[in-house]
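The values are calculated or read from the model by the stated rules, or taken from the named source; none is laboratory data. A quick note: this is a predicted structure, and the numbers were derived from the prediction, not measured. Here the Cβ positions follow ideal geometry from the backbone for every residue, glycine too, while neighbour counts run over all protein chains shown. For the accessible areas, the whole protein counts, side chains as well, though only heavy atoms, and no ligand, DNA or RNA atoms are used. Shrake-Rupley method; radii C 1.70, N 1.55, O 1.52, S 1.80 Å.
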Amino acid sequence: MTKMNMLQAINNALITAMTEDEKVMVFGEDVGHFGGVFRATSNLQHQFGKGRCFNTPLTEQGIIGFANGLASQGSVPVAEIQFGDYIFPAFDQIVNETAKFRYRSGGQFTCGTLTIRTPYGGGIAGGLYHSQSPEAFFAHIPGMKIVIPRNPYQAKGLLLASIRDDNPVLFMEPKRLYRASVGDVPEEDYELPLGKAEVVKKGEHISLLAWGAQVEVIEKAAEMAENDGISCEIIDLRSILPWDAQTVSESVKKTGRLLINHEAPQTGGFASEISATVQERCFLYLESPITRVCGLDTPYPLAHEKEYMPDHLKTYEAIKRCVNF
Amino acid sequence: MVNFGGVGYIRGFMVDERNHLSDVGISHKVNVIDKGTVDIPMLQILQPDGSVHSDADMPEIDKEAALKIFRTMHYIRVLDERMVGAQRQGRISFYLACSGEEASIIGSAAALSDNDMIMSQYREQGALAYRGYRTEQFMNQMFSNKLDPNKGRQMPIHYGDKALNFMTISSPLGTQIPQAAGYAYGQKMAGNEALTICYFGEGAASEGDFHAGLNMASVLNCPVIFFCRNNGYAISTPANEQFSGDGIASRGLGYGIKTIRVDGNDVLAVYLATQKAREIALKEHCPVLIEAMTYRLAAHSTSDDPTGYRSKEEEQKWRVKDPVQRFENWMKSKDWLDEEQHKQFVEQTRQEVLAAMKKAEQVDICEIDDLINDVYDAPPWHLKEQLSELKKHISLYPEAYPKTSGRIRHD
Ligand SMILES: Cc1ncc(C[n+]2csc(CCOP(=O)(O)OP(=O)(O)O)c2C)c(N)n1
Ligand SMILES: [Mg+2]
């Protein structure tokens with residue numbers, strides 16, 4: 001075990017994957033010599049050469065198009081989009097190509113080896129275009145997996161599993177935790193399962209569900225609620241697609257209540273999908289309506305960032321409302 | 001558009017016929033056209049020491065105009081230096097300087113009319129200052145306070161000012177390029193004697209939007225000046241990892257766009273090139289591409305440290321080509337510079353920047369009600385509902401939201 005922050009854990013996972021399989025190639029804007037604007041790809045070019053870790057021209061559409069072709073050839077691309085906010089020029093390549101390659105060719109061709117890494121999320125004074133959480137857009141596309149880690153240990157294990165999974169994976173990294181989250185990470189190779197949520201803490205009265213950096217937020221709210229005698233079960237969804245409806249439903253059947261927290265705007269956010277499924281599966285177990293604590297339905301603001309965020313206080317108040325319904 | 005061969009007409013404007021087979025020469029040998037086949041020279045009027053090339057075209061420029069450019073250059077140097085400092089002190093979250101590129105940015109802005117729309121990337125504060133943006137306005141944006149016309153919603157340096165015809169900056173790169181074509185088309189259709197200038201970096205020119213925008217502008221005869229600041233870097237990525245062709249200028253030819261390459265550190269050359277481009281764009285209703293060859297002496301932004309990707313020697317090579325010094329030497333040779341007066345101007349600017357900063361820092365951010373304004377023309381029910389919940393919540397925890405809690409109006 002070594003203490004690592006999330007960036008170091010990601011870097012370590014990339015080194016592990018590139019060492020084990022020479023078909024793994026890492027590329028994107030500034031990822032080469034410089035090691036990426038957040039330094040997640042530090043030293044990779046030095047260690048594995050320019051052929052396997054390189055800068056691309058500044059075109060997200062190009063990066064993902066190139067990655068799709070490379071994946072379909074059988075290589076293992078790990079493409080970086082510098083900020084989640086800048087993934088949209090590649091939207092067509094992802095939605096119509098990455099996700100549909102396998103289906104449209106009857107399984108003859110696939111982009112299954114592709115992993116797209118991108119930092120996402122707010123809380124860093126990034127304003128409209130360095131803060132967004134676009135997971136729900138991609139959750140609407142059959143054919144892609146979406147994975148989001150909450151700490152360094154999760155990041156390494158989930159990234160290795162994503163790179164090796166035979167489906168294209170969008171791996172979204174909560175950038176507010178890049179340096180802030182530090183923890184023990186095994187030096188050796190390990191994988192954590194995709195499509196599996198993790199119950200981070202057991203509880204009785206309400207299930208709290210989040211992913212990425214918001215797990216910390218619900219943990220903080222849960223602590224406040226515990227002081228009021230409310231026992232919270234905390235779940236990290238980890239995979240947005242396919243998502244672990246079973247773990248979530250089992251928890252809700254036990255506690256009778258569900259609160260979902262995400263940073264993205266509420267309308268059309270992934271919490272909506274979860275709510276719909278959980279009420280179908282757990283209708284008779286629910287003691288109160290499923291509650292969402294989300295970003296507001298506005299673009300991500302700068303000056304009003306604190307007010308905009310679905311923080312622990314909003315979550316705590318919502319927990320009380322839910323329990324006292 | 002009708003007809004074959006000869007001249008076609010679109011809404012009264014003459015355009016060259018573009019039949020794909022017309023005028024194609026025939027060869028009986030395999031002709032491989034390699035890069036470098038077309039040599040695109042760079043317009044330079046001032047030598048690096050500020051003296052004039054003897055045979056150079058000269059722009060018409062009087063002392064007053066030259067002084068305005070010169071002062072704006074120095075104004076921006078002071079602003080950049082102070083704001084990088086302010087970011088280091090933690091007073092603002094982010095800044096991005098334009099050192100080394102003042103001639104490209106200010107020289108081009110000076111060749112425009114105030115009616116021309118400016119669509120910038122983010123390093124063009126010099127153009128905005130030249131237009132007349134005041135220090136307090138710069139500060140209000142950077143401190144995200146309620147006097148910022150963009151209501152404090154965007155990161156520092158994302159200026160926008162309707163009155164000055166300066167389109168609000170958007171971080172996603174290249175998006176303004178096709179927009180500039182559209183804006184210019186609108187200007188043409190409205191019969192305005194005005195065009196659009198669109199600034200972008202050589203990095204942003206790799207985006208699909210660049211190619212879409214230039215092609216649209218060319219095909220639709222839009223009076224737009226595409227002004228590329230080729231400053232050698234896109235964050236850490238050097239231009240030679242960005243493209244293999246002959247810079248950005250060579251692409252103009254491919255899209256059938258009139259193109260000028262200019263020494264971006266020579267303010268007179270930039271000024272003349274932009275004047276010429278403006279004249280052509282308005283008279284012939286067409287886009288013109290300018291590639292300014294320059295160097296980003298600054299770090300990419302305050303989030304960046306260039307020592308990780310380029311050498312001090314390389315920077316030094318460009319420092320001696322400093323565009324401000326070059327212009328200063330020329331101004332002196334014309335005897336247009338009163339050094340005492342100039343010193344005073346710089347000192348005064350420093351004071352002004354410091355004072356404006358102190359003042360802007362004290363101004364509140366917008367009230368919380370502004371959070372939901374401008375999402376649509378008027379807030380729909382769900383936003384009103386979210387706002388009202390939010391206000392109740394803030395009132396419950398006023399100390400957690402200190403910037404807005406003192407000013408909550410429940411209605
Ligand atoms: C679509 C998009 N992708 C990536 C970024 C991140 N980014 C901001 S500036 C920059 C480099 C731009 O370089 P260039 O266009 O040459 O302009 P310069 O900074 O040199 O003035 C990058 C990659 C972005 N803002 N938008
Ligand atoms: Mg550049």
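From the Kirkwood radius over Cα pairs of chain A, Stokes-Einstein at 37 °C and 0.692 mPa s returns a whole-number translational diffusion coefficient of 165 µm²/s.
Above 28 Å, the calculated P(r) of the stretch B:63-360 contains 35 percent of its Cα-Cα pairs.
Stokes-Einstein, applied to the Kirkwood radius of the protein assembly as shown over Cα pairs at a viscosity of 0.692 mPa s and 37 °C, places its translational diffusion at 117 µm² s⁻¹. Across the stretch B:383-390, rounded Karplus estimates of 3J(HN,Hα) from the backbone phi angles (6.51 cos²θ - 1.76 cosθ + 1.60, θ = phi - 60°) give 6, 4, 5, 5, 5, 5, 4, 4 Hz, Gly and Pro being marked x.
Just the number, please: buried accessible area between B and A, total of both chains, 1.4 angstrom probe, nearest 100 square angstrom.
For B against A, buried area totals roughly 3300 Å².
Within the straight-line cut-off of under 12 Å between alpha carbons, the aspartates and glutamates reachable from B:LYS188 are B:ASP116, B:GLU284, sequence neighbours fewer than 8 places apart in one chain being disregarded. Dividing the convex hull volume of the alpha carbon atoms of the stretch A:185-302 by its residue count gives 135 Å³ per residue.
Only beta bridges with both residues in the protein assembly as shown are counted; by DSSP, about 25 percent of them are antiparallel. Protection proxy ranking of B:262-275, B:336-349, by the mean of other Cβ atoms within 10 Å over each peptide's residues and highest first, is B:262-275, B:336-349. Toward the positive end of the charge dipole of the stretch B:239-371, with +1 on the Cβ of Lys and Arg and -1 on the Cβ of Asp and Glu, the farthest Cα among B:SER250, B:LEU297, B:ASN265 is that of B:SER250.
The relative contact order of the stretch A:49-90, computed from alpha carbon pairs under 8 Å that lie at least 6 residues apart in sequence, is 47 percent. Multiplying the residue separation of B:GLU313 and B:ASP55 by 0.36 nm and subtracting their alpha-carbon distance yields 89.7 nm. Take the stretch A:2-185, drop everything but the C-alpha atoms, weight them equally and run the Debye formula without solvent; then report log10 I(q)/I(0) at 0.10, 0.14, 0.15 Å⁻¹ to two decimals. Each listed q maps to, in turn, -0.34, -0.69, -0.80. For the pair B:GLU284 and B:ALA400, a Förster radius of 51 Å applied to the C-beta separation gives a FRET efficiency near 0.30, rounded to the nearest 0.05. Checking the table B:LYS146/B:LYS317; B:LYS332/B:LYS359; A:LYS196/A:LYS314; B:LYS312/B:LYS332; B:LYS258/B:LYS343; A:LYS201/B:LYS384 against a 32 Å threshold on Cα-Cα, which pairs fail? Exceeds cut-off: B:LYS146/B:LYS317; B:LYS332/B:LYS359; B:LYS258/B:LYS343; A:LYS201/B:LYS384. Counting Cβ atoms of other protein chains within 10 Å of each residue's Cβ and taking the mean over peptide A:308-320 gives 2.
Calculated FRET efficiency, B:LEU354 to B:LYS162, Cβ-Cβ distance, R0 = 45 Å: about 0.95 to the nearest 0.05.
Sorted by packing (mean other beta-carbon atoms within 10 Å per residue), highest first, where do A:302-313, B:394-405, A:10-21 land?
Output ranking for A:302-313, B:394-405, A:10-21: A:302-313, A:10-21, B:394-405.
Remark: the stretch A:133-185 projects, on average over all directions, an area of 3.8 nm² (convex hull of Cα atoms). The calculated FRET efficiency for B:ASN31 paired with A:HIS140, based on their beta-carbon distance and R0 = 45 Å, is about 0.35.
Count Lys and Arg as plus one, Asp and Glu as minus one, and take only other residues whose Cβ is under 15 Å from that of A:ALA136; the net charge is then -3.
Positive-end ranking of B:ALA65, B:THR196, B:GLY406 along the dipole of chain B, with charges on Cβ about the Cα centre, is headed by B:GLY406. Extending 7 Å from the Cα toward the beta-carbon at both A:GLU204 and B:SER303 defines two label points whose distance is 4.6 nm.
Each Lys or Arg adds one and each Asp or Glu takes one away; over the other residues whose Cβ falls under 12 Å from the Cβ of B:ALA273, this sums to -1. Would you jot down the residues in the stretch B:220-239 that end up with at least 20 Å² less accessible area in the complete protein assembly than in the chain alone, with a 1.4 Å probe? Residues shielded by partner chains are B:ILE235, B:SER236, B:THR237.
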